[in-house]
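Notes follow once the structure below has been shown.
The values are calculated or read from the model by the stated rules, or taken from the named source; none is laboratory data. No experiment lies behind these values; they were computed from the predicted model shown. We place every Cβ from the backbone using ideal geometry, glycine too, and count neighbours over all the protein chains shown.
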Amino acid sequence: MNFKAITKTVIAAVSAGAMLLPLAACGSDADAGKTKISFLSWDNEQVMKPFIEEFEKENPDVAIDFSYAPPTAEYIQTLQTRLVGNQAPDVFIITSENKNDLIDNGYVMDMTGKSYTEKLSQANKDFVSRDGKLYGQSISSWAAGIAYNKELLKQVGYDAVPSTWDEFLTLCKTLKDAGISPYIEAIGDGADRIPDSFTGAILAKQGIDVTTLASEDPQTPGEHEKEAVKAWMKVYEQGYASRDNVGVSGDDAKTQFTNGQVAMYTTGAWDFSTFEQVSFDWGFAQIPAMDKNHEQYAQGSPSPGLAIYSKLSGDKLKAAEKFLDFMVSDWSLKQRSKNGDAITVEGFTSDVAEQYKDVYENNVKTGKYFLITNFYANPDVLNSTNTAEIQQLVQGTITVDQWAKNIDAKMAAAQ
């Protein structure tokens, strides 16, 4: 999202405080004499109140002025308005949609080597890094996988989803030959998760530093993902997934899976609460490797990070850094894990659902996941363009080469 474009439209429409929901307890007379730091969060008061209360209990000399704006677009607009209006919060969220603008405009402090970043996963660091500098504290991640109906797989002699794509396609053929619909994706929502997983493995094998992708001129995400897309498209070309998936939303796909109409569905842990209600035994597997020469990556992403305003100094800076130290404390990590976050901080393991353990241990904790929109400038352009182009590709109206050229042309025009 372009910083200049945002500020032109937002300043006219949104006052610096219009979207903010303050924590009622903050700013009272009891805070007199304390160092006050402002924190703009996109987690609401219900989520953040326990953290703030515990932090202030452990640090009685610091008071946090909490405010909230909902993700993603509203949050980014609110933050940008406060930054350009000289009302910058001391601590705020940095993520894929705003990190390049925040770094380009010098709003975020370099926290490379700080105590509160030492134990972060390298993948989490890479997410909010550029040119060797770290600008955010990201402590958890998510990764997609393949939900599968164990009973349907058992009918054709399989206990689980295979570990390579060719073997997966063989399973799909076996299911189809038995009259069972093999596989569904929510392409109506732009959820082409397999190509990102393949691309992550390809880039890793090639030794490409993903933090450099946003600096390429021109940017060529289509070219980078083309090999992965060609492999993924076999599931459509061979008839194991319907080209009608272009009109299938996440809710549609989930309903078909939970009704037992399809054997496998690519999704994430966000659907587990629904799956717990189904009448059949289900599992959740890692996305297969593209081939035996590549690792099993997932589509996935680190969580948004906490950033510190670059102009902080003195007691305010010390207090802000105390807060980030607290956010990687055992108390905080346990609370985050209790809230459902899959923690990726060294020395801590989240208590995740049994079905999620393989993906958590082998993808989330190891950083073996990739989300293409995280590592290019103008991720909003890339996301919207890819959604439109992928739908044409699945429909069969364009080729993979055309898809890649169209993606890269749009990205070049946006630079």
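Quick notes
- Single condition P218 does not satisfy, out of (1) modelled with pLDDT under 95; (2) under 22 Å from the mean Cα position of the chain (by Cα): (2)
- The conditions of being in contact with a helix residue (DSSP H, G or I) (Cβ under 6 Å, 6 or more places away or on another chain) and of a type in the set (V, I, T) are not met by V235.
Here is a yes/no grid of residues against (1) surrounded by fewer than 22 Cβ atoms within 10 Å (Cβ to Cβ); (2) in the same structural domain as H224 (by TED's automatic domain parsing); (3) touching a residue at least 24 places away in the same chain (Cβ under 8 Å); (4) closer than 26 Å to G188 by Cα:
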| site | (1), (2), (3), (4) |
| --- | --- |
| A353 | yes, no, yes, no |
| N362 | yes, no, yes, no |
| D380 | yes, yes, yes, yes |
| N383 | yes, yes, yes, yes |
| Q392 | yes, yes, no, yes |
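- For the stretch 79-132, a tally of residues being surrounded by fewer than 20 Cβ atoms within 10 Å (Cβ to Cβ) and closer than 22 Å to A319 by Cα returns 11.
- Selection status of I407, of a type outside the set (S, T, Y) and crowded, with 20+ Cβ neighbours inside 10 Å: yes
- Residue match in the stretch 261-270 (condition: in the same structural domain as L152 (by TED's automatic domain parsing), closer than 18 Å to L153 by Cα, crowded, with 21+ Cβ neighbours inside 10 Å and of a type in the set (G, A, S)): yes
- The stretch 398-415: number of residues that are under 24 Å from D217 (Cβ atoms) and not in a helix (DSSP H, G or I): 1
- Extreme residue, surrounded by the fewest Cβ atoms within 10 Å (Cβ to Cβ), among residues of the stretch 152-170 that are out of contact with any strand residue (DSSP E or B) (no Cβ under 9 Å at 6 or more places or on another chain) and part of a helix (DSSP H, G or I): K154
- Looking only at residues of the stretch 276-288 that are farther than 30 Å from T117 by Cβ and of a type in the set (A, V, I, L, M), we find that the one that is surrounded by the most Cβ atoms within 10 Å (Cβ to Cβ) is A285.
- Options A88, A30, A25; residue that is over 27 Å from N339 (Cα atoms), at pLDDT below 95, in contact with a strand residue (DSSP E or B) (Cβ under 9 Å, 6 or more places away or on another chain) and aliphatic (A, V, I, L, M): A30
- Considering the conditions (1) within 30 Å of L306 (Cβ to Cβ); (2) without any contact (Cβ under 8 Å) to a residue 24 or more places away in the chain, D196 is excluded by exactly one of them, (2).
- On inspection, D291 fails the criterion of being surrounded by fewer than 22 Cβ atoms within 10 Å (Cβ to Cβ) and outside the structural domain of A231 (by TED's automatic domain parsing).
- So V345, is it farther than 30 Å from E56 by Cβ and outside the structural domain of K34 (by TED's automatic domain parsing): no
- Tallying residues that are surrounded by 15 or more Cβ atoms within 10 Å (Cβ to Cβ) and not in a helix (DSSP H, G or I) within the stretch 217-239 yields 3.
- Residue match in the stretch 382-397 (condition: of a type in the set (V, I, T), on the phi < 0 side of the Ramachandran plot, at pLDDT 95 or above and assigned to a loop (DSSP other than H, G, I, E, B)): yes
- In the stretch 52-74, residue nearest to D101 (Cα to Cα) [restricted to those that are among the aromatic types (F, W, Y) and in contact with an Asp or Glu (Cβ under 9 Å, 6 or more places away or on another chain)]: Y68
- Applying a threshold of 6 Å to beta carbon distances and a minimum spacing of six or more residues, or different chains, the list of pairs starting in the stretch 317-328 at a residue that is under 10 Å from F55 (Cα atoms) and ending at one that is in a loop (DSSP other than H, G, I, E, B) reads K322/N59.
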